[in-house]
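Participant: Handing you a structure now.
The values are calculated or read from the model by the stated rules, or taken from the named source; none is laboratory data. This structure is a prediction, so every number in the text was calculated from the model and none was measured. Every residue, glycine as well, gets a Cβ built from its backbone with ideal geometry; the counts of neighbours run over all protein chains shown. These area figures cover heavy atoms from the full protein model, side chains too; ligands, DNA and RNA do not enter into them. Shrake-Rupley method; radii C 1.70, N 1.55, O 1.52, S 1.80 Å.
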Amino acid sequence: MNALIIVDLQNDFLPGGALAVPLGDELIPIANRLQTRFDTVVATKDWHPKKHCSFASQHAGKQVGDVIEIDGLPQFLWPDHCVADTPGSEFPASLETEKISKVIHKGTDPERDSYSGFFDNGGRHATGLGGYLHANGIDTVHVMGLATDYCVRATAIDAARLGFKTFLIADACRGVEMNAGDCQRAFDDMRNAGVEVGGM
């Protein structure tokens with residue numbers, strides 16, 4: 001059985017949001033159309049506490065874009081974003097949510113980031129997404145959302161690693177591109193991990 005995974009299509013990642021992904025709002029009508037093709041639709045949300053380790057504001061003398069080390073892992077520092085239960089953490093009003101059967105909250109641990117919808121960045125704690133998909137007989141996932149070079153990349157790679165047949169809907173993703181070529185490198189990484197990268 002197939003499922004659609006919508007990654008982090010939240011207000012803070014859309015134009016005008018705290019961590020806007022260029023053209024991220026283009027994905028709302030695409031997500032609405034794609035949902036009609038799947039019996040199972042799940043979505044992930046960044047759901048950070050106010051003092052999350054990924055926020056540059058929590059590290060004296062550091063700025064957005066700096067990379068530090070936390071618990072042995074590199075941590076890119078972001079603006080404060082997707083704080084739990086704030087408007088920025090919510091889905092946009094124009095996103096149809098009736099078919100979304102499960103919302104997975106990630107990045108809830110103040111001391112650890114979580115790009116993937118399946119695990120935290122250290123791979124130590126599962127979010128419950130893998131268990132939910134297996135429990136519902138899902139063996140194939142189609143991934144879309146924000147952002148190509150971070151959370152989409154990590155989610156698709158983990159899906160493939162867990163044994164799901166994994167398709168990335170490339171034209172239903174948008175990237176941050178902090179550095180030129182980041183999205184292309186993400187596509188390459190996903191392909192190398194066994195993800196099939198294609199279009200709608």
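Participant: Once every DSSP H run of n ≥ 4 in the chain is given -39500 (n - 2.57) and the sum is divided by its residues, what mean residue ellipticity at 222 nm do you get, rounded to the nearest 500 deg cm²/dmol? Could the numbers behind the result be given before it?
Facilitator: Working: 4 runs with 36 residues, N = 200.
That calculation yields -5000 deg cm²/dmol at 222 nm.
Participant: Next up: If you rank Thr108, Thr140 by how much accessible surface each has, with a 1.4 Å probe, what is the order from largest down? Mind showing how you got there, number by number?
Facilitator: Values: Thr108 80, Thr140 20 Å².
Reading off the accessible areas and sorting them downward yields Thr108, Thr140.
Participant: Using a 1.4 Å probe, what is the accessible area per residue for the chain, in Å²? Before the final figure, lay out each step's value.
Facilitator: On the way: 8860 Å² over 200 residues.
That works out to 44 Å² for each residue.
Participant: Please grab the % of Cα pairs in segment 98-182 that end up more than 21 Å from each other. Write down the numbers at each step before the final one.
Facilitator: Numbers: 1047 of 3570 pairs.
When every Cα pair of segment 98-182 is considered, 29 percent fall beyond 21 Å.
Participant: Another question, then. Once you have a ≥ b ≥ c as the square roots of the Cα gyration tensor eigenvalues for segment 139-179, tell me rounded if a/c is under 1.5, and otherwise prolate or oblate according to whether a/b is larger than b/c. Don't skip to the answer; put the middle values down first.
Facilitator: Details: a/c = 3.57, a/b = 1.79, b/c = 1.99.
Judged from the Cα gyration tensor, segment 139-179 comes out oblate (a/c at least 1.5, b/c at or above a/b).
Participant: Still on this structure: Cα atoms only, segment 46-144: Rg and Dmax in Å?
Facilitator: 15.2, 48
Participant: Next question, about the same structure. How compact and how long is segment 1-64, expressed as Rg and Dmax of its alpha-carbon atoms in Å?
Facilitator: In Å, with Rg to one decimal and Dmax whole: 15.3, 49.
Participant: Whenever you get a sec, compute what percent of the accessible area on the chain sits on carbon and sulfur atoms (1.4 Å probe).
Facilitator: Numbers: 4390 of 8860 Å².
Ligands and nucleic acids excluded, carbon and sulfur reach 50 percent.
Participant: Solvent-accessible area of Tyr150, probe 1.4 Å, all protein chains present, reported in Å² to the nearest ten, please.
Facilitator: Here the accessible area works out near 40 Å².
Participant: Would you mind counting up the charge near Val41? Only other residues with Cβ under 13 Å from its Cβ, with Lys and Arg at +1 and Asp and Glu at -1. Display every interim value, and only then the final one.
Facilitator: Numbers: positive: Arg33, Arg37, Lys99, Lys102; negative: Asp39, Glu96, Glu98.
Local charge sum for Val41: +1.
Participant: Report, in debye and to the nearest 20, how large the dipole of the chain comes out about its Cα centre when Lys and Arg carry +1 and Asp and Glu carry -1 on their Cβ. Don't skip to the end; give the middle numbers.
Facilitator: Numbers: 17 positive and 27 negative charges, 71 e Å.
The calculated dipole for the chain is roughly 340 debye.
Participant: Sticking to Cα atoms, compute the Rg of the chain to one decimal and its Dmax as the biggest Cα-Cα distance, whole number, in Å.
Facilitator: 15.6, 49
Participant: So, one more: What order do you get for 74-82, 184-192, 61-69 when each peptide is scored by the mean count of other beta carbon atoms within 10 Å, highest first? Show your work: numbers first, answer last.
Facilitator: On the way: 74-82: 18.4, 184-192: 16.6, 61-69: 10.9.
The most tightly packed comes first, giving 74-82, 184-192, 61-69.
Participant: Still on this structure, I have one more. Looking at segment 91-167, which GluC sites (Glu not before Pro) are in a loop (DSSP not H, G, I, E or B) and have at most 13 other Cβ atoms within 10 Å? The partial results should precede the final answer.
Facilitator: Values: sites: Glu96, Glu98, Glu111; in loops: Glu96, Glu98, Glu111.
Listed in order of number, the matching sites are Glu98, Glu111.
Participant: Post the alpha-carbon centroid distance, segment 1-77 to segment 150-164, in whole angstrom.
Facilitator: Each part's Cα centre sits 15 Å from the other's.
Participant: Please give me the summed charge of the neighbours of Gln75: other residues whose Cβ is under 11 Å from its Cβ, Lys and Arg +1, Asp and Glu -1. Could you put the intermediate results ahead of the total?
Facilitator: On the way: positive: Lys62, Arg112; negative: Asp66, Glu69, Asp71, Glu111, Asp113.
Residues close to Gln75 contribute a combined charge of -3.
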